[in-house]
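Enquirer: Could you have a look at this structure, given as C-alpha coordinates, before my questions?
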Amino acid sequence: MPVKSLPPAPDLAHLKYQARDLMKARAARDQQAAQRIREFHPRFENAADAEIFAARFTLADAQLAIARERGFATWARLKRRIEKPKPADNPDLPQHERIEDPIFRHAVDLLDEGAVHNLRAFLALHPKLAQQRVTLEGGNYFRNPSLLEFVAGNPIRRGKLPPNIVDVARVILDAGARNDPCALNQTLGLVCSGRVPRECGAQIPLICLLCQYGAEPDRAIYAALTHAEFDAVNALIRVGGCADFVVAAGLGRERDVRGLLALADHRDLHRALAVASQFGHTAIVRLLLEAGEDPNRYNPVGFHSHSTPLHQAVAGGHGATVRVLVEHGARLDLKDTLWQGTPAGWAEHEGRTEIREYLRLQEERGRIG
(Lines give C-alpha, C1' and ligand atoms only; values in the text may rest on other atoms or scores of the structure.)
Protein backbone atom coordinates (compact mmCIF):
# COMPACT_ATOMS: atom_id res chain seq x y z
CA MET A 1 0.00 0.00 0.00
CA PRO A 2 1.34 3.49 -0.76
CA VAL A 3 2.05 5.47 2.39
CA LYS A 4 0.48 8.79 3.25
CA SER A 5 3.19 11.41 2.92
CA LEU A 6 3.60 13.93 5.69
CA PRO A 7 2.39 17.45 4.85
CA PRO A 8 4.99 20.24 4.50
CA ALA A 9 4.42 21.33 8.12
CA PRO A 10 3.36 18.20 9.99
CA ASP A 11 1.66 18.55 13.36
CA LEU A 12 2.39 15.85 15.93
CA ALA A 13 -0.78 16.65 17.86
CA HIS A 14 -2.86 16.06 14.74
CA LEU A 15 -1.16 12.68 14.24
CA LYS A 16 -1.99 11.78 17.84
CA TYR A 17 -5.64 12.54 17.09
CA GLN A 18 -5.40 10.25 14.07
CA ALA A 19 -4.16 7.45 16.32
CA ARG A 20 -7.12 7.94 18.66
CA ASP A 21 -9.49 8.01 15.68
CA LEU A 22 -8.02 4.70 14.49
CA MET A 23 -8.67 3.22 17.93
CA LYS A 24 -12.29 4.40 17.81
CA ALA A 25 -12.82 3.03 14.32
CA ARG A 26 -11.40 -0.34 15.34
CA ALA A 27 -13.65 -0.40 18.39
CA ALA A 28 -16.59 0.26 16.05
CA ARG A 29 -15.49 -2.74 13.97
CA ASP A 30 -14.80 -0.60 10.91
CA GLN A 31 -13.54 -2.73 8.01
CA GLN A 32 -11.23 -0.03 6.67
CA ALA A 33 -9.62 0.41 10.10
CA ALA A 34 -8.93 -3.32 10.24
CA GLN A 35 -7.25 -3.17 6.82
CA ARG A 36 -5.02 -0.26 7.85
CA ILE A 37 -3.99 -2.07 11.03
CA ARG A 38 -3.29 -5.29 9.12
CA GLU A 39 -1.16 -3.38 6.62
CA PHE A 40 0.82 -1.25 9.03
CA HIS A 41 1.03 -3.04 12.37
CA PRO A 42 3.41 -6.02 12.18
CA ARG A 43 1.59 -7.96 14.90
CA PHE A 44 -1.56 -8.11 12.79
CA GLU A 45 -0.03 -8.77 9.37
CA ASN A 46 -1.98 -11.98 8.72
CA ALA A 47 -4.91 -11.42 11.08
CA ALA A 48 -8.53 -11.57 9.99
CA ASP A 49 -10.82 -8.64 10.72
CA ALA A 50 -12.46 -10.49 13.62
CA GLU A 51 -9.07 -11.18 15.21
CA ILE A 52 -8.09 -7.52 14.93
CA PHE A 53 -11.36 -6.42 16.53
CA ALA A 54 -11.00 -8.94 19.37
CA ALA A 55 -7.33 -8.31 20.18
CA ARG A 56 -5.96 -5.92 22.78
CA PHE A 57 -5.10 -2.69 20.98
CA THR A 58 -3.55 0.19 22.89
CA LEU A 59 -2.78 3.80 22.05
CA ALA A 60 0.84 2.76 21.50
CA ASP A 61 -0.38 0.20 18.95
CA ALA A 62 -2.41 2.85 17.17
CA GLN A 63 0.53 5.27 17.12
CA LEU A 64 2.79 2.57 15.68
CA ALA A 65 0.29 1.93 12.89
CA ILE A 66 0.02 5.65 12.15
CA ALA A 67 3.82 6.02 12.08
CA ARG A 68 4.23 3.10 9.68
CA GLU A 69 1.36 4.39 7.56
CA ARG A 70 3.46 7.53 7.14
CA GLY A 71 6.59 5.55 6.24
CA PHE A 72 8.39 5.47 9.62
CA ALA A 73 9.43 2.37 11.51
CA THR A 74 8.33 3.65 14.92
CA TRP A 75 6.39 6.48 16.53
CA ALA A 76 9.66 7.73 18.01
CA ARG A 77 11.20 8.01 14.53
CA LEU A 78 8.16 9.92 13.28
CA LYS A 79 8.32 12.23 16.32
CA ARG A 80 12.02 12.90 15.70
CA ARG A 81 11.31 13.71 12.04
CA ILE A 82 8.70 16.31 13.05
CA GLU A 83 10.51 17.88 15.99
CA LYS A 84 14.10 17.81 14.68
CA PRO A 85 14.00 17.49 10.88
CA LYS A 86 17.25 17.13 8.98
CA PRO A 87 18.03 17.94 5.32
CA ALA A 88 18.08 14.19 4.63
CA ASP A 89 14.43 13.96 5.70
CA ASN A 90 13.25 15.92 2.66
CA PRO A 91 11.11 13.43 0.67
CA ASP A 92 11.31 15.63 -2.42
CA LEU A 93 14.99 14.78 -2.82
CA PRO A 94 15.95 11.65 -4.77
CA GLN A 95 17.14 8.88 -2.49
CA HIS A 96 20.84 9.19 -3.33
CA GLU A 97 20.78 12.86 -2.29
CA ARG A 98 19.36 11.93 1.12
CA ILE A 99 22.26 9.67 2.06
CA GLU A 100 24.14 11.22 4.97
CA ASP A 101 27.09 8.82 5.01
CA PRO A 102 29.62 10.34 2.52
CA ILE A 103 31.32 7.00 1.87
CA PHE A 104 28.06 5.23 1.04
CA ARG A 105 26.96 8.23 -1.03
CA HIS A 106 30.16 8.11 -3.07
CA ALA A 107 29.66 4.41 -3.75
CA VAL A 108 26.15 5.14 -5.08
CA ASP A 109 27.56 7.90 -7.27
CA LEU A 110 30.10 5.48 -8.73
CA LEU A 111 27.29 2.97 -9.28
CA ASP A 112 25.20 5.55 -11.12
CA GLU A 113 28.18 6.52 -13.28
CA GLY A 114 28.83 2.92 -14.23
CA ALA A 115 32.42 3.39 -13.03
CA VAL A 116 33.11 -0.33 -12.62
CA HIS A 117 36.85 -0.17 -11.99
CA ASN A 118 36.63 2.74 -9.56
CA LEU A 119 33.74 1.09 -7.73
CA ARG A 120 35.65 -2.18 -7.40
CA ALA A 121 38.64 -0.34 -5.96
CA PHE A 122 36.42 1.69 -3.61
CA LEU A 123 34.70 -1.43 -2.29
CA ALA A 124 38.08 -3.06 -1.73
CA LEU A 125 39.07 -0.01 0.31
CA HIS A 126 35.77 -0.13 2.27
CA PRO A 127 34.90 -3.85 2.48
CA LYS A 128 31.89 -3.37 4.79
CA LEU A 129 30.08 -1.26 2.21
CA ALA A 130 28.74 -4.23 0.25
CA GLN A 131 26.58 -5.27 3.20
CA GLN A 132 25.96 -1.88 4.78
CA ARG A 133 22.50 -0.28 4.81
CA VAL A 134 21.25 3.29 5.05
CA THR A 135 18.01 4.64 6.49
CA LEU A 136 15.65 6.52 4.17
CA GLU A 137 12.28 6.92 5.87
CA GLY A 138 9.03 8.38 4.64
CA GLY A 139 8.16 5.85 1.92
CA ASN A 140 6.42 2.50 1.79
CA TYR A 141 9.56 0.67 0.64
CA PHE A 142 13.30 1.29 0.16
CA ARG A 143 13.51 2.47 3.75
CA ASN A 144 16.65 0.55 4.70
CA PRO A 145 18.42 -0.27 1.42
CA SER A 146 21.76 -1.90 0.87
CA LEU A 147 24.11 -0.69 -1.86
CA LEU A 148 23.04 -3.51 -4.18
CA GLU A 149 19.41 -2.32 -4.10
CA PHE A 150 20.39 0.95 -5.77
CA VAL A 151 21.13 -0.89 -9.02
CA ALA A 152 17.39 -1.28 -9.64
CA GLY A 153 16.63 2.43 -10.01
CA ASN A 154 13.43 1.73 -8.06
CA PRO A 155 12.23 4.07 -6.60
CA ILE A 156 13.02 6.21 -9.62
CA ARG A 157 16.01 8.40 -8.88
CA ARG A 158 17.60 9.40 -12.19
CA GLY A 159 15.19 7.75 -14.62
CA LYS A 160 17.94 5.70 -16.22
CA LEU A 161 20.65 3.15 -15.47
CA PRO A 162 24.20 3.03 -16.83
CA PRO A 163 24.52 0.72 -19.85
CA ASN A 164 26.87 -1.55 -17.89
CA ILE A 165 24.58 -1.88 -14.84
CA VAL A 166 24.86 -5.69 -14.92
CA ASP A 167 28.64 -5.41 -14.58
CA VAL A 168 28.17 -2.88 -11.79
CA ALA A 169 25.85 -5.26 -9.95
CA ARG A 170 28.33 -8.11 -10.36
CA VAL A 171 31.06 -6.00 -8.77
CA ILE A 172 28.89 -5.34 -5.71
CA LEU A 173 27.87 -8.99 -5.50
CA ASP A 174 31.48 -10.17 -5.67
CA ALA A 175 32.47 -7.62 -3.02
CA GLY A 176 30.22 -9.34 -0.48
CA ALA A 177 26.57 -8.64 -1.31
CA ARG A 178 26.20 -12.22 -2.52
CA ASN A 179 26.41 -13.24 1.15
CA ASP A 180 23.37 -11.13 2.08
CA PRO A 181 20.24 -13.13 1.08
CA CYS A 182 17.94 -10.31 2.16
CA ALA A 183 19.67 -7.80 -0.12
CA LEU A 184 19.64 -10.29 -3.00
CA ASN A 185 15.92 -10.92 -2.71
CA GLN A 186 14.99 -7.30 -2.12
CA THR A 187 17.02 -6.22 -5.14
CA LEU A 188 15.37 -8.87 -7.28
CA GLY A 189 11.94 -7.62 -6.20
CA LEU A 190 12.88 -4.03 -7.05
CA VAL A 191 14.24 -5.02 -10.45
CA CYS A 192 11.15 -7.06 -11.28
CA SER A 193 8.65 -4.38 -10.26
CA GLY A 194 10.38 -1.30 -11.67
CA ARG A 195 9.91 0.25 -15.08
CA VAL A 196 13.39 1.80 -15.29
CA PRO A 197 15.25 -1.55 -15.54
CA ARG A 198 12.77 -2.66 -18.23
CA GLU A 199 13.03 0.57 -20.20
CA CYS A 200 16.82 0.36 -20.07
CA GLY A 201 16.84 -3.24 -21.32
CA ALA A 202 18.41 -4.39 -18.05
CA GLN A 203 15.51 -6.07 -16.30
CA ILE A 204 15.92 -9.59 -17.67
CA PRO A 205 19.76 -9.62 -17.53
CA LEU A 206 19.64 -8.41 -13.91
CA ILE A 207 17.07 -11.09 -13.04
CA CYS A 208 19.33 -13.77 -14.47
CA LEU A 209 22.40 -12.39 -12.68
CA LEU A 210 20.73 -12.07 -9.28
CA CYS A 211 19.22 -15.55 -9.47
CA GLN A 212 22.59 -16.94 -10.54
CA TYR A 213 24.01 -15.48 -7.32
CA GLY A 214 21.27 -17.00 -5.18
CA ALA A 215 18.24 -14.71 -5.25
CA GLU A 216 15.00 -16.67 -5.00
CA PRO A 217 12.65 -16.12 -7.97
CA ASP A 218 9.55 -17.05 -5.96
CA ARG A 219 10.25 -14.14 -3.60
CA ALA A 220 9.82 -11.62 -6.45
CA ILE A 221 7.21 -13.13 -8.72
CA TYR A 222 4.18 -11.58 -7.02
CA ALA A 223 5.80 -8.14 -7.04
CA ALA A 224 6.42 -8.48 -10.77
CA LEU A 225 2.87 -9.71 -11.35
CA THR A 226 1.06 -6.98 -9.42
CA HIS A 227 3.10 -4.32 -11.24
CA ALA A 228 2.16 -5.83 -14.61
CA GLU A 229 5.78 -6.65 -15.41
CA PHE A 230 4.84 -9.77 -17.34
CA ASP A 231 8.21 -10.20 -19.08
CA ALA A 232 9.77 -10.29 -15.63
CA VAL A 233 7.20 -12.85 -14.46
CA ASN A 234 8.06 -15.13 -17.37
CA ALA A 235 11.79 -14.63 -16.82
CA LEU A 236 11.39 -15.64 -13.18
CA ILE A 237 9.52 -18.76 -14.24
CA ARG A 238 12.35 -19.64 -16.65
CA VAL A 239 14.92 -19.46 -13.85
CA GLY A 240 12.90 -21.65 -11.53
CA GLY A 241 10.02 -19.55 -10.23
CA CYS A 242 6.74 -21.32 -9.60
CA ALA A 243 3.78 -20.53 -11.88
CA ASP A 244 1.41 -21.25 -8.99
CA PHE A 245 -2.33 -20.69 -8.61
CA VAL A 246 -1.98 -16.95 -8.03
CA VAL A 247 0.39 -16.46 -10.97
CA ALA A 248 -1.92 -18.47 -13.20
CA ALA A 249 -4.83 -16.23 -12.18
CA GLY A 250 -2.84 -13.09 -12.90
CA LEU A 251 -1.72 -14.38 -16.29
CA GLY A 252 -5.24 -15.38 -17.26
CA ARG A 253 -4.53 -19.10 -17.47
CA GLU A 254 -8.04 -20.32 -16.80
CA ARG A 255 -7.30 -24.01 -17.36
CA ASP A 256 -4.46 -23.93 -14.82
CA VAL A 257 -6.63 -22.08 -12.30
CA ARG A 258 -9.35 -24.70 -12.65
CA GLY A 259 -6.83 -27.50 -12.22
CA LEU A 260 -5.32 -25.97 -9.08
CA LEU A 261 -8.51 -24.63 -7.50
CA ALA A 262 -9.10 -27.61 -5.20
CA LEU A 263 -5.62 -27.23 -3.71
CA ALA A 264 -5.78 -23.45 -3.15
CA ASP A 265 -6.04 -22.19 0.42
CA HIS A 266 -7.84 -19.05 1.56
CA ARG A 267 -4.77 -16.84 1.04
CA ASP A 268 -4.31 -18.13 -2.51
CA LEU A 269 -7.96 -17.43 -3.31
CA HIS A 270 -7.73 -13.91 -1.88
CA ARG A 271 -4.61 -13.10 -3.89
CA ALA A 272 -5.97 -14.72 -7.05
CA LEU A 273 -9.15 -12.63 -6.98
CA ALA A 274 -7.05 -9.49 -6.53
CA VAL A 275 -4.87 -10.09 -9.59
CA ALA A 276 -7.60 -11.56 -11.78
CA SER A 277 -9.72 -8.46 -11.10
CA GLN A 278 -6.80 -6.12 -11.68
CA PHE A 279 -6.13 -7.57 -15.13
CA GLY A 280 -9.71 -8.20 -16.17
CA HIS A 281 -9.69 -11.99 -16.35
CA THR A 282 -13.45 -12.17 -16.04
CA ALA A 283 -13.89 -15.94 -16.36
CA ILE A 284 -11.39 -16.50 -13.55
CA VAL A 285 -13.04 -13.85 -11.38
CA ARG A 286 -16.38 -15.57 -11.87
CA LEU A 287 -14.84 -18.96 -11.05
CA LEU A 288 -13.33 -17.63 -7.81
CA LEU A 289 -16.53 -15.92 -6.73
CA GLU A 290 -18.56 -19.05 -7.41
CA ALA A 291 -16.02 -20.96 -5.30
CA GLY A 292 -16.99 -18.69 -2.40
CA GLU A 293 -14.33 -15.97 -2.45
CA ASP A 294 -15.60 -12.72 -0.88
CA PRO A 295 -15.50 -9.70 -3.24
CA ASN A 296 -15.76 -7.32 -0.28
CA ARG A 297 -12.44 -7.95 1.38
CA TYR A 298 -9.74 -5.42 0.77
CA ASN A 299 -6.96 -6.86 -1.35
CA PRO A 300 -4.18 -8.64 0.56
CA VAL A 301 -0.94 -6.95 1.56
CA GLY A 302 1.31 -6.64 -1.47
CA PHE A 303 -1.63 -6.71 -3.91
CA HIS A 304 -2.75 -3.05 -3.93
CA SER A 305 -4.17 -3.55 -0.49
CA HIS A 306 -5.48 0.01 -0.23
CA SER A 307 -8.29 -1.06 -2.56
CA THR A 308 -10.83 -3.79 -3.26
CA PRO A 309 -11.07 -6.06 -6.32
CA LEU A 310 -13.79 -3.77 -7.66
CA HIS A 311 -11.56 -0.71 -7.39
CA GLN A 312 -8.85 -2.46 -9.36
CA ALA A 313 -11.23 -3.72 -12.06
CA VAL A 314 -12.53 -0.16 -12.43
CA ALA A 315 -9.02 1.31 -12.63
CA GLY A 316 -8.12 -1.13 -15.40
CA GLY A 317 -11.26 -0.33 -17.38
CA HIS A 318 -12.46 -3.94 -17.23
CA GLY A 319 -16.19 -3.43 -17.62
CA ALA A 320 -17.13 -7.11 -17.85
CA THR A 321 -15.18 -7.88 -14.68
CA VAL A 322 -16.83 -4.96 -12.90
CA ARG A 323 -20.24 -6.36 -13.77
CA VAL A 324 -19.39 -9.86 -12.56
CA LEU A 325 -18.11 -8.49 -9.25
CA VAL A 326 -21.23 -6.35 -8.74
CA GLU A 327 -23.53 -9.22 -9.69
CA HIS A 328 -21.82 -11.32 -7.00
CA GLY A 329 -22.39 -8.73 -4.30
CA ALA A 330 -19.40 -6.39 -4.47
CA ARG A 331 -20.24 -3.33 -2.39
CA LEU A 332 -20.30 0.01 -4.15
CA ASP A 333 -19.77 2.09 -1.00
CA LEU A 334 -16.41 0.70 0.17
CA LYS A 335 -13.75 3.40 -0.04
CA ASP A 336 -10.07 2.89 -0.65
CA THR A 337 -7.88 3.59 2.37
CA LEU A 338 -5.58 6.10 0.68
CA TRP A 339 -7.79 8.59 -1.16
CA GLN A 340 -11.17 7.60 0.32
CA GLY A 341 -12.70 7.00 -3.09
CA THR A 342 -15.55 4.66 -3.95
CA PRO A 343 -15.30 2.52 -7.12
CA ALA A 344 -17.55 5.05 -8.89
CA GLY A 345 -15.19 7.81 -7.75
CA TRP A 346 -12.28 5.88 -9.20
CA ALA A 347 -14.16 5.46 -12.47
CA GLU A 348 -14.71 9.21 -12.67
CA HIS A 349 -11.07 9.96 -11.84
CA GLU A 350 -9.80 7.49 -14.45
CA GLY A 351 -12.21 8.67 -17.13
CA ARG A 352 -14.01 5.32 -17.31
CA THR A 353 -17.30 6.87 -18.42
CA GLU A 354 -19.27 3.70 -19.21
CA ILE A 355 -18.20 2.03 -15.98
CA ARG A 356 -19.00 5.16 -13.99
CA GLU A 357 -22.52 5.29 -15.44
CA TYR A 358 -23.06 1.60 -14.76
CA LEU A 359 -21.98 1.99 -11.13
CA ARG A 360 -24.11 5.12 -10.67
CA LEU A 361 -27.10 3.21 -12.01
CA GLN A 362 -26.44 0.36 -9.58
CA GLU A 363 -26.14 2.82 -6.72
CA GLU A 364 -29.47 4.39 -7.67
CA ARG A 365 -31.14 0.98 -7.86
CA GLY A 366 -29.75 0.16 -4.44
CA ARG A 367 -31.22 3.32 -2.96
CA ILE A 368 -34.63 2.67 -4.53
CA GLY A 369 -34.54 -0.99 -3.46
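Enquirer: Given the residues 120, 157, which is the only one that is more than 30 Å from residue 40 (Cα to Cα) and among the charged types (D, E, K, R)?
Expert: Working: 157 fails: more than 30 Å from residue 40 (Cα to Cα).
Only one candidate qualifies: 120.
Enquirer: Just checking, does region 183-193 include any residue being modelled with pLDDT under 95 and either among the aromatic types (Phe, Trp, Tyr) or under 22 Å from residue 225 (Cβ atoms) (or both)? Break it down stepwise before answering.
Expert: Taking region 183-193 first, the residues modelled with pLDDT under 95 are none.
No: zero hits.
Enquirer: Is there a residue being over 30 Å from residue 187 (Cβ atoms) and assigned to a helix (DSSP H, G or I) anywhere in region 271-283?
Expert: yes
Enquirer: Just to be sure I understand, how many residues within region 212-233 are surrounded by fewer than 24 Cβ atoms within 10 Å (Cβ to Cβ), in a loop (DSSP other than H, G, I, E, B) and not acidic (Asp, Glu)?
Expert: Number of matching residues: 4.
Enquirer: With respect to the numbered conditions (1) within 27 Å of residue 227 (Cβ to Cβ); (2) at pLDDT below 95, which one is the sole condition not fulfilled by residue 41?
Expert: (2)
Enquirer: When only residues in region 175-192 that are part of a helix (DSSP H, G or I) and of a type in the set (A, V, I, L, M) count, which is farthest from the chain's Cα centre (by Cα)? Steps first, please.
Expert: Going through region 175-192, the residues part of a helix (DSSP H, G or I) turn out to be 177-179, 181-192.
Right, trim to of a type in the set (A, V, I, L, M) and you get 177, 183-184, 188, 190-191.
Working: 177: 24, 183: 17, 184: 18, 188: 14, 190: 10, 191: 13 Å.
In this case the residue turns out to be 177.
Enquirer: Kindly establish whether residue 109 is surrounded by fewer than 19 Cβ atoms within 10 Å (Cβ to Cβ), in a helix (DSSP H, G or I), out of contact with any Phe, Trp or Tyr (no Cβ under 8 Å at 6 or more places or on another chain) and not assigned by TED's automatic domain parsing to the domain that holds residue 150. Walk me through it before giving the result.
Expert: On the way: surrounded by fewer than 19 Cβ atoms within 10 Å (Cβ to Cβ): yes; in a helix (DSSP H, G or I): yes; out of contact with any Phe, Trp or Tyr (no Cβ under 8 Å at 6 or more places or on another chain): yes; not assigned by TED's automatic domain parsing to the domain that holds residue 150: no.
No.
Enquirer: Among the residues of region 138-169, count how many are of a type outside the set (Lys, Arg) and more than 20 Å from residue 89 (Cα to Cα). Walk me through it before giving the result.
Expert: Filtering region 138-169 for residues of a type outside the set (Lys, Arg) gives 138-142, 144-156, 159, 161-169.
Checking the rest, the ones that are also more than 20 Å from residue 89 (Cα to Cα) come to 148, 151-152, 159, 161-169.
Total satisfying the criteria: 13.
Enquirer: Sort through 238, 286, 271 and tell me the only one that's modelled with pLDDT of 95 or more, surrounded by fewer than 17 Cβ atoms within 10 Å (Cβ to Cβ) and out of contact with any His (no Cβ under 6 Å at 6 or more places or on another chain).
Expert: Numbers: 286 fails: surrounded by fewer than 17 Cβ atoms within 10 Å (Cβ to Cβ); 271 fails: surrounded by fewer than 17 Cβ atoms within 10 Å (Cβ to Cβ).
Among 238, 286, 271, only 238 is modelled with pLDDT of 95 or more, surrounded by fewer than 17 Cβ atoms within 10 Å (Cβ to Cβ) and out of contact with any His (no Cβ under 6 Å at 6 or more places or on another chain).
Enquirer: Quick one: is residue 57 among the aromatic types (Phe, Trp, Tyr) and modelled with pLDDT of 95 or more? Before the answer, list the steps.
Expert: On the way: among the aromatic types (Phe, Trp, Tyr): yes; modelled with pLDDT of 95 or more: yes.
Yes; evaluated as a whole, the condition is true for this residue.
Enquirer: Is there any pair linking a residue in region 40-55 that is farther than 23 Å from residue 141 by Cβ to one that is outside any helix (DSSP H, G or I), with Cβ under 6 Å and at least six apart or on different chains, and which?
Expert: 53/29
Enquirer: For region 140-154, which positions are surrounded by 21 or more Cβ atoms within 10 Å (Cβ to Cβ) and part of a loop (DSSP other than H, G, I, E, B)?
Expert: Taking region 140-154 first, the residues surrounded by 21 or more Cβ atoms within 10 Å (Cβ to Cβ) are 145-154.
145, 147, 153, 154 - these are the residues of region 140-154 that are surrounded by 21 or more Cβ atoms within 10 Å (Cβ to Cβ) and part of a loop (DSSP other than H, G, I, E, B).
Enquirer: Continuing with the same structure: I need the full set of residues from region 155-174 which are buried (at least 16 other Cβ atoms within 10 Å of the Cβ), modelled with pLDDT of 95 or more and part of a loop (DSSP other than H, G, I, E, B), in order please.
Expert: Those that are buried (at least 16 other Cβ atoms within 10 Å of the Cβ), modelled with pLDDT of 95 or more and part of a loop (DSSP other than H, G, I, E, B): 161, 162.
Enquirer: Surrounded by 15 or more Cβ atoms within 10 Å (Cβ to Cβ), acidic (Asp, Glu) and more than 20 Å from residue 232 (Cα to Cα), is that true of residue 180? Please lay out each step first, then the result.
Expert: On the way: surrounded by 15 or more Cβ atoms within 10 Å (Cβ to Cβ): yes; acidic (Asp, Glu): yes; more than 20 Å from residue 232 (Cα to Cα): yes.
Spelling it out, residue 180 is indeed surrounded by 15 or more Cβ atoms within 10 Å (Cβ to Cβ), acidic (Asp, Glu) and more than 20 Å from residue 232 (Cα to Cα).
Enquirer: Next question. Looking at 33, 124, 67, 76, which is the one that is among the small types (Gly, Ala, Ser), touching a Ser or Thr at 6+ places or on another chain (Cβ under 8 Å) and farther than 22 Å from residue 188 by Cα?
Expert: Only one candidate passes the filter, namely 67.
Enquirer: Restricting to region 63-106, name every residue that is assigned to a helix (DSSP H, G or I), loosely packed, with under 15 Cβ neighbours inside 10 Å and among the acidic types (Asp, Glu).
Expert: Passing the criteria: 83, 97.
Enquirer: For region 317-337, which positions are in contact (Cβ under 8 Å) with a residue 40 or more places away in the chain and either hydroxyl-bearing (Ser, Thr, Tyr) or closer than 20 Å to residue 301 by Cα (or both)?
Expert: The answer is 321, 334, 335, 337.
Enquirer: May I ask you to verify whether residue 241 is within 23 Å of residue 173 (Cα to Cα), part of a loop (DSSP other than H, G, I, E, B), within 23 Å of the chain's Cα centre (by Cα) and not polar (S, T, N, Q)? It would help to see each step written out before you state the result.
Expert: Values: within 23 Å of residue 173 (Cα to Cα): yes; part of a loop (DSSP other than H, G, I, E, B): yes; within 23 Å of the chain's Cα centre (by Cα): yes; not polar (S, T, N, Q): yes.
When the stated conditions are applied, residue 241 passes them.
Enquirer: Within region 287-316, which residues are among the small types (Gly, Ala, Ser), more than 20 Å from residue 356 (Cα to Cα) and in contact (Cβ under 8 Å) with a residue 24 or more places away in the chain?
Expert: Here is the first cut: in region 287-316, the ones among the small types (Gly, Ala, Ser) are 291-292, 302, 305, 307, 313, 315-316.
Checking which are more than 20 Å from residue 356 (Cα to Cα) leaves us with 291-292, 302, 305.
The answer is 291, 302, 305.
Enquirer: Check 97, 69 and return the single one that is within 30 Å of residue 153 (Cα to Cα), under 21 Å from the mean Cα position of the chain (by Cα) and of a type outside the set (Gly, Ala, Ser).
Expert: Values: 97 fails: under 21 Å from the mean Cα position of the chain (by Cα).
So the residue among 97, 69 that is within 30 Å of residue 153 (Cα to Cα), under 21 Å from the mean Cα position of the chain (by Cα) and of a type outside the set (Gly, Ala, Ser) is 69.
Enquirer: Just need a number here: residues in region 298-322 that are crowded, with 19+ Cβ neighbours inside 10 Å and either among the charged types (D, E, K, R) or not in a loop (DSSP other than H, G, I, E, B) (or both).
Expert: 9
The values are calculated or read from the model by the stated rules, or taken from the named source; none is laboratory data. Just so you know, these numbers come straight off a predicted model, no measurement behind them. Virtual Cβ from ideal backbone geometry, glycine too; neighbours counted across all protein chains shown.
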